[in-house]
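Structure, as structure tokens:
The values are calculated or read from the model by the stated rules, or taken from the named source; none is laboratory data. Note that the coordinates shown come from a computational prediction; the quantities given were computed from them, not determined experimentally. Don't worry about glycine lacking a Cβ; one is built from the backbone with ideal geometry, like all the others, and counts go over all protein chains shown. Areas reflect the complete protein model, heavy atoms only, side chains present, ligands, DNA and RNA absent. Shrake-Rupley method; radii C 1.70, N 1.55, O 1.52, S 1.80 Å.
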Amino acid sequence: MLAVSATYRRVWHFAWPAIISNISVPLLGLVDAAVLGHLSSPEYLGGVAVAATLFSMIFWAFGFLRMGTTGLVAQAKGRNDRYALRKWLLQSVVFAAVTGMLLILCSPLILRFAWPFFDASDVVARQTEIYFQTRIFSAPAVLVNYALIGWLIGMQKPKGPLLILVLGNSVNIVLDLLFVLGLGWATRGAAMATVIADYLALAAGLLMVRRILACDGSQFSREMVFDIAAFRRLIMLNRHLFVRTLCLLSVQAFFTARGARLGDEVLAANALLLNLMVLISNGLDGFAHAAEALTGESIGKGDRRQFHQVVRVTGWCSLVCGGLFSLFLSLGGNPLLGWLTNIPEVAEQASVYLPWLVAMPLIAVWCFWLDGVFIGAVRTDMMQNTMLIATVLVFLPVWFLFRDMGNQGLWLAYTAFMATRGLGLIWVYRHFSKNDVWFAARHDLL
């Protein structure tokens, strides 16, 4: 009983900063939505919604820089391997910086190939282009910060990401209000605010990591950078996360694109609801981050009892948190939508589809929680496989069968997609636990 209580305390000690820092991320989208939603036309909100989806596809496709780094670092911490802790940090940061610069160079091609997919109106397309051409310059900062935050989570330093994200997001909010409402820069102002905030957050993250490393007495070495075999293992390990993230973002992009074909008001309404959905998922991910770090540490130490205890505790905490989110949305969803926009048509459309969002936390909580367990165990292959099944065999067929329902059909398909992810991971977890697969991990990848 004492051990369980201690695990609850560790989980909550880890989770509360992660919940706050995670919730602060989509608050940026909500602030953008609130600021642009109070301008004279829905084209500004619709344009940023399309551009934000495109950036999600670009940046989140490299989310393995955060997730993969966390799992590797957590297990290295469990083994007390200081060399591996520095190696995974250095290689992840170098890869992130190079990738970010390549994205800037390739940005004209990215934008050109994206236009046919979204099929938005001309006025929305113009606002999308303005936002994209400005915000793309934040790519190196965003991706390097992914690596730094993943390393801090694996090191069980949850207050680090909290400070980084709160600083960056606070600056973004202030600049958003200044540039958009104060100076009248509209869409370009929202993008510029994000770019400046991202680089300030990066500076804070680098300073924080430097302070932590100064206390361990070890040093970086040239071999860490040029260890091609280790770098290849890092890439191979994270290929599953890359495919998994592409599936997730393809679903989000498909959802936004189909909404755009139903009109600018439906597009803007879906943008508000999806921003709230991201807020919910990031809040629930606080317990997933605790699961990543603590299950990874347990596997690194070879402690089966601690592993399963962490899984149970984070699962119960996630379920309670999901229930609270559903209760909040059922009681305060409509007033919240009224705060986010004063365009009557957009608020009315969003209110029609709000019940889907009310049910979502209790449906999606299972996949968010178990993602953390599988990341900590470095079993990303199962995350990829369940995501592929949910996307190809559930989301697309359900949408096709119910496409005549319009936006209701889209929300039905999205809900079925989230439910399938959770059920698939539950089945795999039970199978792995029954056959003691967790501690037969492929340590040659580590």
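In table form, for the structure just shown:
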read-out: Over region 144-275 - Rg/Rh using Cα atoms and the Kirkwood inverse-distance radius; value: 1.07
read-out: Accessible surface ranking that places the most exposed of Asp436, Asp404 first, with a 1.4 angstrom probe; value: Asp404, Asp436
read-out: Selected from Ala359, Phe417, Gln309, residue furthest toward positive end of dipole (the chain; charges at beta carbon); value: Gln309
read-out: Rounded FRET efficiency, nearest 0.05, which uses the C-beta distance separating Leu178 from Val392 and R0 of 51 Å; value: 0.70
read-out: Rg/Rh ratio calculated on Cα atoms of region 235-282 (Kirkwood radius); value: 1.13
read-out: FRET efficiency, Arg312 to Ile110 (Cβ-Cβ, R0 45 Å, nearest 0.05); value: 0.55
read-out: By average C-beta atoms within 10 angstrom, highest first, the peptides 159-172, 419-432; value: 159-172, 419-432
read-out: Spacing of the two label points (7 Å from each Cα toward its C-beta) at Leu206 and Leu423, in nm; value: 4.8
read-out: Residue of Ile228, Ile363, Ile149 that the Gaussian network model of the chain assigns the largest fluctuation, springs spanning Cα pairs under 10 Å; value: Ile228
read-out: Packing-based order for 299-306, 274-281, using average beta carbon neighbours within 10 Å, highest first; value: 274-281, 299-306
read-out: Solvent exposure ordering (accessible area, 1.4 Å, most first) of Arg79, Arg86; value: Arg79, Arg86
read-out: Point-charge dipole on Cβ atoms (K/R +1, D/E -1) for the chain, about Cα centre, debye to 20; value: 1700
read-out: Pair Met236, Asn385: separation of 7 Å Cα→Cβ label points (nm); value: 1.8
read-out: Per residue value of the accessible surface for the chain (all protein chains in place, 1.4 Å probe), Å²; value: 41
read-out: Structure-based [θ]222 nm, the chain - -39500 (n - 2.57) summed over DSSP H runs of at least 4, per residue, nearest 500; value: -29500 deg cm²/dmol
read-out: Net charge, Asp371 excluded, C-beta distance under 15 Å - Lys, Arg +1, Asp, Glu -1; value: +1
read-out: Estimated FRET transfer efficiency (Ser351, Cys215; beta-carbon r; R0 51 Å; 0.05); value: 0.45
read-out: Cα-based equivalent ellipsoid of region 284-376: semi-axis lengths in Å, sorted from largest, via gyration tensor; value: 36, 11, 9
read-out: Protein accessible area in the chain, 1.4 Å probe - carbon and sulfur %; value: 67
read-out: Reachable lysines from Lys157, criterion Cα separation under 24 angstrom, eight or more residues apart if same chain; value: Lys77, Lys87, Lys301
read-out: Solution diffusion estimate, µm²/s, Stokes-Einstein, the chain, Kirkwood Rh from C-alpha pairs, 4 °C, viscosity 1.567 mPa s; value: 59
read-out: Ranked packing of 179-190, 130-141, most packed first, by mean Cβ within 10 Å; value: 130-141, 179-190
read-out: Charge dipole (the chain, unit charges on Cβ, about Cα centre) - positive-most of Ala186, Ala84, Leu162; value: Ala84
read-out: Label-point separation, Lys434 to Val98 (7 Å along Cα→Cβ), nm; value: 4.4
